[in-house]
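Q: Below you'll find the structure I mean.
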Amino acid sequence: MDRVALRGLKARGHHGVFPEERAEGQTFIVDLVLGLDTRPAAADDDLAKTVHYGVVAEEVVAVVQGEPVDLIETLAERIAQACLRHEGVQEVEVCVHKPNAPITVPFDDVTVTITRSRV
């Protein structure tokens, strides 16, 4: 299986369990790895035979900006399902970063990574 990766997609969302997270929002960063067969697209040099990563990026940003959820696990699941709606995508790895999570000790990042497939 081939892979198409999008790294560092940024969007402001209002996800979290605390009222201030919901009210103020924060930036979330998403990394994606889409698993698909790119051979048909490469053979014919045809965008219609692969995944349009620009469209995927827009859809992922819309999910992050959309309906708030408590957990980034839920957000990651919603993103994965949006990616799998693309016909050629057989598998997706989603990593959601929450670099401004409300943690009381110094830290660089909080992430949740999931892998989902059609099977």
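The values are calculated or read from the model by the stated rules, or taken from the named source; none is laboratory data. Quick caveat: nothing in here was measured; it's all calculated off a predicted structure. A quick note on method: Cβ atoms are made from the backbone with ideal geometry, for glycine too, and the neighbour counts reach across all protein chains shown. Each accessible area value is taken on the protein alone, full model and side chains, heavy atoms only, with ligands, DNA and RNA left out. Shrake-Rupley method; radii C 1.70, N 1.55, O 1.52, S 1.80 Å.
Q: Filter region 8-62 down to the residues that are in contact (Cβ under 8 Å) with a residue 24 or more places away in the chain, over 17 Å from the mean Cα position of the chain (by Cα) and closer than 30 Å to PRO102 by Cα and list them by number.
A: If the condition is that a residue be in contact (Cβ under 8 Å) with a residue 24 or more places away in the chain, over 17 Å from the mean Cα position of the chain (by Cα) and closer than 30 Å to PRO102 by Cα, then VAL17, PHE18, GLU20, GLU21, ARG22 are the ones that fit.
Q: State the number of residues belonging to region 91-110 that are open to solvent by less than 70 Å² (accessible area, probe 1.4 Å) and in a strand (DSSP E or B).
A: Of the residues in region 91-110, 5 are open to solvent by less than 70 Å² (accessible area, probe 1.4 Å) and in a strand (DSSP E or B).
Q: Can you tell me which residue is nearest to LEU9 (Cα to Cα) among those in region 67-90 that are open to solvent by 60 Å² or more (accessible area, probe 1.4 Å) and touching a residue at least 40 places away in the same chain (Cβ under 8 Å)?
A: Checked region 67-90; the qualifying residue nearest to LEU9 (Cα to Cα) is GLU73.
Q: Counting just the residues of region 67-90 that are small (Gly, Ala, Ser) and part of a helix (DSSP H, G or I), which one comes out farthest from PHE18 (Cα to Cα)?
A: Filtering first and then ranking leaves ALA82.
Q: Filter region 19-66 down to the residues that are assigned to a loop (DSSP other than H, G, I, E, B) and within 18 Å of VAL94 (Cα to Cα), then identify the one that is least open to solvent (accessible area, probe 1.4 Å). Break it down stepwise before answering.
A: If we filter region 19-66 for residues that are assigned to a loop (DSSP other than H, G, I, E, B), which is where we start, we get 25, 37-38, 45-46, 50-52, 66.
Pick out the ones that are also within 18 Å of VAL94 (Cα to Cα) and you get 51-52, 66.
Working: VAL51: 9, HIS52: 84, GLY66: 29 Å².
Looking at residues that are assigned to a loop (DSSP other than H, G, I, E, B) and within 18 Å of VAL94 (Cα to Cα), I get VAL51.
Q: Within region 105-114, does at least one residue satisfy the condition of being in contact (Cβ under 8 Å) with a residue 12 or more places away in the chain and closer than 15 Å to VAL4 by Cα?
A: No: zero hits.
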